[in-house]
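Worksheet: one structure, shown below.
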Amino acid sequence: MDSNPLERERGITILAKNCAVTYQVTRGPHKGEAIRVNIIDTPGHADFGGEVERVLRMADGALLLVDAMDGPMPQTRFVLSKALELKLKLIVVVNKCDRPESRAQAVVNEVFDLLIDLGSGEEALDFPVIYASGRDGWASRLLPDFSDPAVARPTDVADLFEAIIDVVPPPDNDPSLPLQMLVNNLDYSDYTGRIAIGRVFCGVVTNGMTVAVCKADGSFKRARVQRVLRFEGLGRVDAGRVEAGDLCALEGVADIDIGDTIADYENPVALPRVHVDEPTLHTIFRINDGPMVGKEGRFVTSRQISDRLQRELQANVALRVAPGDSAEEFRVSGRGLLHLGVLLENMRREGFELCVGRPEVIERVIDGVKCEPIERLSLDVSTTGMGPALELLGSRGGEILKMETRGGRMHIEAEIPARGLIGMRNKMLNATGGEAVMHHTFAHYAPLRGVERKRGNGVMVSIDAGTATAYSIEALSDRGYLFVRPGDKVYEGMIVGENSRDNDLGVNITRAKQLSNFRETSKDQTVVLKAARIPTLESGLEYIEVDELVEITPQSVRIRKRLLKESDRKRADRQTRDREAAGV
Ligand SMILES: Nc1nc2c(ncn2[C@@H]2O[C@H](COP(=O)(O)OP(=O)(O)OP(=O)(O)O)[C@@H](O)[C@H]2O)c(=O)[nH]1
Ligand SMILES: [Mg+2]
């Protein structure tokens, strides 16, 4: 169901999606009945928690998918807690049972432990388990014994649907009451404009019906439903009429936002709005004021960026946008680096160019105590990598919760301030020879742990504009790592590499080799340059310090100093020092 290009590229679900099937029941009390089952795919990652929280409101039950090898992940914990809050009936689906490393039984026990850990009641612990392989197209109540060739392999997903019919209660919504439909999701079509997606909790909605839209400010707006669509397979069909308990998509209600209730026109009553957790990370989006502005992007003005952000706010419920220090800046808050990264990636694909500052965690005062977001981290390393990994975790304020061996590797679970986690992935890979696997997700707010976040290394800053040459790159390569390749355009103030020491270094990276009468032929031709570490959008955001920016265009990601001229940076440094000395 992952249909948008970014989802396909990254292999993750970003936007929730609906589908529906009609299932012919083959056993039990409902035998012979055809039952409609709506299925909603949610993103798994907590950065898209806003998406998860609101679409779960449409559901009566949840299929908790866990990997037969990896078991529950930090994000499993997050989505599961959301499902439990809403008291959804659970079915645990252990997927990828085809994998030779599958440890399905152990994984079921881990899910059990996780539920107990989340403080769920007896009822939630009584879940059915389905073993499955999505890849091979089967789902079964019993785990097939793959070692015995005589045992028949399951070939269909009937057990899964039977479990849904058994466990998930039919909707108990009343079609005879006045209409109430909660809008949980939005879609857009060029022909019909906005499309409202949600669940009808009371009454019926029909084509051509006049309704009241209950807005966030308590006001009501009159609107007319053009078409009522139902989900069918991966698509939608004109249903003409949908009644309480079903999900639908409405065309024609133009002025609609997520959280609104579409209600009976004579008797409008709003349903409680969807509550979404607050953002944990913020940063500055600003216009690109560098010398390469407009060379690669089409949309560059603050007006265009502002309009785009306003548009995003309509559907991206966990996002916040506030004015920045000047008209050229916007303070954008989200649920994590991935959340902001996906927005930025979409913007650059649409042709935007902008600069983004260092992401900072959002502190909050809770009961008079300053608190910061804490993430839950799971880390798998080899036994040799464990020492350096633990050392790094400790230096970043991590607290170990659990350590166990899993299939010859160490599995570590820890809590760590989000602040300490930014930029840690790279360091972790370096510390463990590239073999650590880590996942993390927002857990809760806790009192400040006072972890300083510093890069440790200084950078190489270009002192002039032009084209990077192989000659200069080679000359600089023993000073650290380069971020540019020969032939890349550079400008004054652009960061072209990392210094192996902790100070910033002005470098001339555009020097051409001086022509001389003597040709050192052999040396000339055998030079092999160290591979450049070209920054990516997210690695750039994790990398930069407060006085730096990531420049994002449809074609490039560059990092630069906020102040491009060295003299300006020196002056700013002086001013900061003077202020500090004066104790301001
Ligand atoms: N071996 C095996 N691989 C599978 C199976 N099902 C899915 N995969 C692979 O697992 C990867 C992740 O699959 P997704 O369906 O995108 O996972 P997801 O849980 O939806 O991920 P999010 O949407 O990010 O939460 C893909 O590479 C799939 O090909 C399976 O039954 N067996
Ligand atoms: Mg998915």
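For the reader, a short list of remarks on this structure follows.
- For the stretch 13-43, filtered to residues that are surrounded by fewer than 17 Cβ atoms within 10 Å (Cβ to Cβ) and within 14 Å of ligand 1 (Cβ to nearest atom), the residue that is nearest to Val237 (Cα to Cα) is Cys19.
- Taking the criterion of being under 28 Å from Ile495 (Cα atoms), part of a strand (DSSP E or B) and touching a residue at least 24 places away in the same chain (Cβ under 8 Å), the residues of the stretch 284-338 that qualify are Ile284, Phe285, Arg286, Phe299, Glu329, Phe330, Arg331, Val332, Ser333, Gly334.
- Taken over the stretch 97-124, the criterion of being hydrophobic (A, V, I, L, M, F, W, C) and either surrounded by 19 or more Cβ atoms within 10 Å (Cβ to Cβ) or closer than 18 Å to Ser81 by Cα (or both) is satisfied by Cys97, Ala104, Val107, Val108, Val111, Phe112, Leu114, Leu115, Ile116, Leu118, Ala124.
- Scanning the stretch 404-417 for any residue that is of a type outside the set (A, V, I, L, M, F, W, C), surrounded by fewer than 17 Cβ atoms within 10 Å (Cβ to Cβ) and farther than 30 Å from Asn109 by Cβ turns up nothing.
- Identification of helices (runs of 4 or more DSSP H) wholly contained in the stretch 389-502 with 3 or more residues that are out of contact with any Asp or Glu (no Cβ under 7 Å at 6 or more places or on another chain) yields 424-431, 470-476.
- Within the stretch 213-238, the set of residues being touching a Lys or Arg at 6+ places or on another chain (Cβ under 7 Å) and either among the aliphatic types (A, V, I, L, M) or not in a strand (DSSP E or B) (or both) comprises Val213, Lys215, Ala216, Val228, Leu229, Val237.
- Checking each residue in the stretch 6-39 for being over 16 Å from Asn185 (Cα atoms) and within 15 Å of ligand 2 (Cβ to nearest atom) picks out Leu6, Glu7, Arg8, Glu9, Arg10, Gly11, Ile12.
- For Ser378, the test of being modelled with pLDDT of 95 or more and crowded, with 18+ Cβ neighbours inside 10 Å is failed.
- Meets criteria (touching a helix residue (DSSP H, G or I) at 6+ places or on another chain (Cβ under 9 Å), aliphatic (A, V, I, L, M) and away from ligand 1 (no atom under 15 Å from the Cβ)) for Leu63: no
- Some residue of the stretch 125-141 being within 23 Å of Ala46 (Cβ to Cβ), surrounded by 13 or more Cβ atoms within 10 Å (Cβ to Cβ) and in contact with a Gly (Cβ under 8 Å, 6 or more places away or on another chain): no
- Candidate set: the stretch 544-568, residues that are free of Cβ contacts under 8 Å to residues at least 60 places away in the same chain and outside any strand (DSSP E or B); chosen: the one surrounded by the fewest Cβ atoms within 10 Å (Cβ to Cβ): Ser567
- The requirement of being surrounded by 14 or more Cβ atoms within 10 Å (Cβ to Cβ) and over 29 Å from Val274 (Cβ atoms) is not satisfied by Asp47.
- A count restricted to the stretch 238-291 and to residues that are of a type in the set (Ser, Thr, Tyr) and within 26 Å of Gly324 (Cα to Cα) stands at 2.
- Asp67 surrounded by 16 or more Cβ atoms within 10 Å (Cβ to Cβ), within 15 Å of ligand 2 (Cβ to nearest atom), in contact (Cβ under 8 Å) with a residue 40 or more places away in the chain and within 18 Å of the chain's Cα centre (by Cα): no
- Every pair of residues 6+ apart whose Cβ atoms lie under 6 Å, when the first sits in the stretch 9-22 and is closer than 19 Å to Gly198 by Cα while the second is away from ligand 2 (no atom under 13 Å from the Cβ) and polar (S, T, N, Q): Ala20/Asn38
- The set of residues in the stretch 204-262 being farther than 30 Å from Tyr23 by Cβ, surrounded by fewer than 21 Cβ atoms within 10 Å (Cβ to Cβ) and among the charged types (D, E, K, R) consists of Lys215, Asp217, Lys221, Arg222, Arg224, Asp255, Asp257.
- Selection count where residues are of a type in the set (A, V, I, L, M) and within 16 Å of ligand 2 (Cβ to nearest atom), scope the stretch 95-125: 0
The values are calculated or read from the model by the stated rules, or taken from the named source; none is laboratory data. In this text, all values refer to a predicted model and were calculated from it rather than measured experimentally. Ideal geometry is used to build each Cβ from the backbone, glycine not excepted, and the neighbour counts take in all protein chains shown.
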